[in-house]
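Values in this text are rule-based calculations from the coordinates and carry no lab data. All of these numbers come straight from a predicted model, not from anything done at the bench. In this analysis, Cβ positions are derived from the backbone assuming ideal geometry, glycine residues included, and neighbour counts consider all displayed protein chains.
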Amino acid sequence: MENKKMCMALFSGSLDKLTAAGIILSGAAADDMEVDVYVLLQGARAFKKEIANDKDKIMLAENPELREEFVESLKKLNVKEWQDFFKEAKEITDVKFHICGLAGKIWGGEKLEDFIDLADDIVGIGEYITAAEEADIHLFI
Amino acid sequence: MTPEELSNLEIAKTVDARGTACPGPLLEAKKAIGKVESGDILEILSADEGTKKDIPKWAKKKNHEYLGTIEESGYFKIYLKKQ
């Protein structure tokens, strides 16, 4: 059985949506899917080294006042943090994180080293469109 | 399989995923099945309700045999046979 392909446009850089993306990636990993994640506008900001590792710089997209409750609840349920979900998915299956070149520049990230180690490369929009075209599943988060 | 038959199976590996919520148990099952031989029985302990449907469906997709589930108090045990 050939492995299915997933293409994810990760536009969001908020804690709730990053967590959702992480859980979806785990499911894809359990199914041995090949996954290409295109890290777009706000996502690219969250992937910046100084943002990703600073808990005060990533908010909730919805109900921002509930951030603390959300974080506490995840801890209690023993749910991983988003970066750990992404890492684990990468360990299990073929997951690549492609940073949108323009988005990177908007947030002052010119080179791959400006982003967390999860980032595989910096690409243009053409690659995303091709991946979306070829994928069995395409998600925009 | 009946619960009695399930409890008499020879288990190659047990994964205790009771401490994790979804997607923890599924990922634990996925990792563990890679570590046993074809024909081996894997036992997964989980307290996450969604896992009860999730793991059998996943197993079917991956051609592993789902043997059954035993209910315990506050958790359950799922049995799979590796393809």
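Counting pairwise Cα distances across segment A:50-110, what percent come out greater than 13 angstrom?
Every Cα pair in segment A:50-110 considered, those over 13 Å come to 75 percent.
Going by how many other Cβ atoms sit within 10 Å of their own, how do B:1, A:59 line up, fewest first?
A:59, B:1
List the trypsin sites (Lys or Arg not before Pro) in segment A:39-123 that DSSP assigns to loop (not H, G, I, E or B) and whose Cβ has at most 12 other Cβ atoms within 10 Å. Which are they?
A:111
Explain nothing, just the number: dipole magnitude of segment A:1-139 about its Cα centre with +1 on each Lys and Arg Cβ and -1 on each Asp and Glu Cβ, in debye rounded to the nearest 20.
With only Lys, Arg, Asp and Glu charged at Cβ, the dipole is about 380 debye.
From the P(r) of segment A:23-138, could you give the percentage of C-alpha pairs in the tail past 26 Å?
23 percent
Can you give me the distance in nm between label points at residue A:105 and residue B:61, each placed 7 Å from the Cα along the Cα-to-Cβ direction?
Distance between the two pseudo-spin positions: 3.9 nm.
If you take every residue apart from residue A:101 with its C-beta less than 11 Å away from the C-beta of residue A:101, what net charge results, scoring Lys and Arg +1 and Asp and Glu -1?
In short, -1.
Under a crude label model (7 Å from the Cα following the beta-carbon direction), how far is residue B:9 from residue A:32 in nanometres?
Using points 7 Å along Cα→Cβ, the separation is 2.0 nm.
Can you pull the mean other chain C-beta count within 10 Å for peptide B:25-34?
Per residue, the average neighbour count from other chains is 3.
By a straight-distance test (C-alpha under 13 Å), which aspartates and glutamates pair with residue A:90 as possible cross-link partners, with residues fewer than eight away in the same chain excluded?
Within the straight-line limit of under 13 Å, residue A:90 reaches these aspartates and glutamates: A:31, A:32, A:34, A:36, A:117, A:120.
On full extension of the chain, what length is gained from residue A:78 through residue A:112, given 0.36 nm per residue of separation minus the C-alpha to C-alpha distance?
9.1 nm
Treating only the Cα positions of the protein assembly as shown as identical point scatterers, give the base-10 log of I(q)/I(0) from the Debye formula at each q in 0.09, 0.10, 0.13 Å⁻¹.
One equal scatterer on each Cα of the protein assembly as shown leads to -0.42, -0.51, -0.80.
Could you tell me which of B:58, B:6, B:79 has its Cα farthest along the dipole of segment B:3-81 towards the positive end, charges placed at Cβ (Lys, Arg +1; Asp, Glu -1), taken about the Cα centre?
Farthest towards the positive end: B:58.
Taking +1 at the Cβ of each Lys and Arg and -1 at the Cβ of each Asp and Glu, which of A:71, A:39, A:135 sits farthest along the dipole of segment A:5-140 towards its positive end, judged by Cα position relative to the Cα centre?
Positive-most Cα among the choices belongs to A:71.
Using only Cα atoms, locate the centre of segment A:8-83 and the centre of segment A:98-141, then give the distance between them in Å, rounded to an integer.
Between the Cα centres of segment A:8-83 and segment A:98-141 lies a distance of 16 Å.
For chain B, give the share of DSSP beta bridges that are antiparallel, in percent and rounded to the nearest 5; count only bridges with both residues there.
Looking only at bridges with both residues in chain B, the antiparallel portion is about 75 percent.
If you take every DSSP beta bridge whose two residues both sit in chain A, what share of them, in percent to the nearest 5, is antiparallel?
If we restrict to bridges inside chain A, about 5 percent are antiparallel.
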